[in-house]
Each structure stands twice: as structure tokens, then as C-alpha cells.
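Below: one structure, written as C-alpha cells.
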Amino acid sequence: MKVLNLQCRQSHGFEGWFASEDDFQGQLARGLVECPLCGDAGITKMPSAPRLNLGASAPAATAPAKQEVVSAPNAQLQAAWLQLVQKVLANTEDVGERFAEEARKIHYGETEERGIRGQASKEETESLLEEGIAVLPLPIPKGLKGPLQ
């Protein structure tokens, strides 16, 4: 099993597990590897240091070697964003393509107030904002749109 550090064009870092380097390259060429945060298929393999287990012998008593530490500054931000998206999904009703229509009905008191989510074009979103209806575009990762395996 090969564990790779991957990154999309938006600089979202994530890990991918593959049977081999050929498996990774094949999936990448077929467009099967994508960012779990934004769905971008422009993936780059990042440098990583393998861990080699060469046996059970005790290490020599030497001064501990200094290790280079790489920080993922966006990791906490990505985790917080995913938690926010999960909370929105859990606490809103998916009205799909009827989003603009349902948002207006709620705003003008024609139906009960509730949290909704769905799809709206750029023009529909601008129109809702001009009417004073608070809406916010929120990209939802493909992995969160359906059941997780």
C-alpha cells in the first residue's frame, strides 16, 4: 500500500492510498483522483519521506537526529470548514433547484421559516441579495453530498 501526500490547485492538502505508483498514475490519468474539499481534479503529488521498517533491532545509542517538520497551516482551517459544511447539511433542508423560489417564500412570509440549501445561478443569487434576502454560496465537497463509505 502506498500512502501519498497530495495537493490540489487550491492548495488543499490531503492523503491518498493506492496499491502502487502505477495505480496512482492510472487513476490520476483517468480523472479519478480529486480533492475531497473542492472536487478539483488538478492533483499534484507532494514530496514525502517514507517510513522504512528494517527489523526489530534496537537503534544505536546516538544523539537524536533533528527532523525537519512541515506544518500544514491550512489543515485546521480545512477541518473547521468541513465541520461547518457538515453542520449546514445536518441543519438545513435541500430544496435543490427551487432554492431562489423557496428563499423568497420564506422571506415574504408565504411559508414557514426554516434553513434551506440548494442551487441558484449567479443571477438568481444577485437578485436575492438585491431584495435583501441573505444568502451565501457554500461549496460542498462531493464526498459530503452522499453517504460516506
Query raised in the report: Is there a residue being in contact with a helix residue (DSSP H, G or I) (Cβ under 7 Å, 6 or more places away or on another chain) and at pLDDT 75 or above anywhere in segment 47-55?
Result: no
Report summary line: Per the filter on segment 83-133, residues closer than 24 Å to Leu37 by Cβ, outside any helix (DSSP H, G or I) and among the polar types (S, T, N, Q) are Asn91, Thr92, Gln119, Ser121
Query raised in the report: Residues in segment 16-28 that are among the acidic types (Asp, Glu) and touching a strand residue (DSSP E or B) at 6+ places or on another chain (Cβ under 6 Å): how many?
Result: 0
Query raised in the report: How many residues, within segment 84-124, are touching a residue at least 40 places away in the same chain (Cβ under 8 Å) and touching a helix residue (DSSP H, G or I) at 6+ places or on another chain (Cβ under 9 Å)?
Result: 3
Query raised in the report: Name the residues in segment 21-41 that are of a type in the set (Gly, Ala, Ser) and more than 15 Å from Cys8 (Cβ to Cβ), would you?
Result: Gly26, Ala29
Requested in this report: Any chance you could count how many residues in segment 112-128 are surrounded by fewer than 16 Cβ atoms within 10 Å (Cβ to Cβ) and under 23 Å from Lys87 (Cβ atoms)?
Outcome: 5
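The values are calculated or read from the model by the stated rules, or taken from the named source; none is laboratory data. Predicted model, so just to flag it, every value in this text is computed and none were measured. Using ideal geometry, Cβ is built from the backbone for each residue, glycine included, and neighbour counts are taken over all protein chains shown.
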